[in-house]
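Quick note: the coordinates plus some simple rules give every number you see, no bench work behind them. Small disclaimer: the values here were computed from a predicted structure and weren't measured. When we count neighbours, we look across all protein chains shown, and the Cβ atoms used for this are built from the backbone with ideal geometry, even at glycine.
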Amino acid sequence: MKENKILTSIDDYILKFDPDVQEILIKLRKTIKETAPDAVEKISYQMPTFYLHSNLVHFAAFKNHIGFYPAPSAVEAFKQELSDYKVSKGAVQFPLGKAIPYDLVRKIVEFRVAENVKKAENKSKNKN
């Protein structure tokens, strides 16, 4: 990983890492983008973030894993499928050196999109 600076884009974030990690981050980003095409990319908490009505998912690279942060509700909803990975309340660790489960990431992002859209619809109903 290269020097720390204030990040302004996901491209800047990805460029901080070695090529093998960049490849994973690029594919993860592409998977999320294809699954949530209306989500906006930004940096939040110094991590790549996809935003749709509110934060959708974050991801980050670490020394031994890729962190994926889809919110506690998604970790709970996909508890079975995530049982091979280290998880905490709102985070999943995909070990480097093991295949990243992009299909599972896609399903989790679809779940989060539906969740955020529903929350936004409920919020707008309550305003009227």
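Things worth noting here:
- Dipole magnitude (debye, nearest 20) for segment 25-108, charges at Cβ of Lys, Arg, Asp, Glu: 240
- All aspartates and glutamates inside 19 Å of K86 as judged from Cα atoms, apart from same-chain residues fewer than 8 positions distant: E76, D103
- Debye intensity ratio I(q)/I(0), log10, the chain, q values 0.17, 0.21 Å⁻¹ (C-alpha model): -0.87, -1.28
- Exposure proxy order (Cβ contacts within 10 Å, fewest to most) of F68, F111: F111, F68
- Degrees between helix 19-35 axis and first principal axis of the chain (Cα, 0 to 90, nearest 10): 10
- Only Lys, Arg, Asp and Glu carry charge here, each on its Cβ (+1 for the first two, -1 for the last two); on that basis segment 79-128 has a dipole of about 320 debye about its Cα centre.
- Under 16 Å from K79, Cα to Cα: lysines that are on another chain or at least 8 residues apart: K89, K107
- Footprinting exposure proxy for F78, F50, F94 (fewest neighbouring C-beta atoms within 10 Å first): F78, F94, F50
- Computed over neighbours whose Cβ is under 9 Å from that of A36, the net charge equals -1, Lys and Arg +1, Asp and Glu -1.
- Selection from F50, A36, Y85 lying farthest towards where the dipole of segment 10-122 points positive, charges on Cβ: Y85
- Counting only alpha carbon atoms, the long axis of helix 102-127 and the longest principal axis of the chain meet at about 30°.
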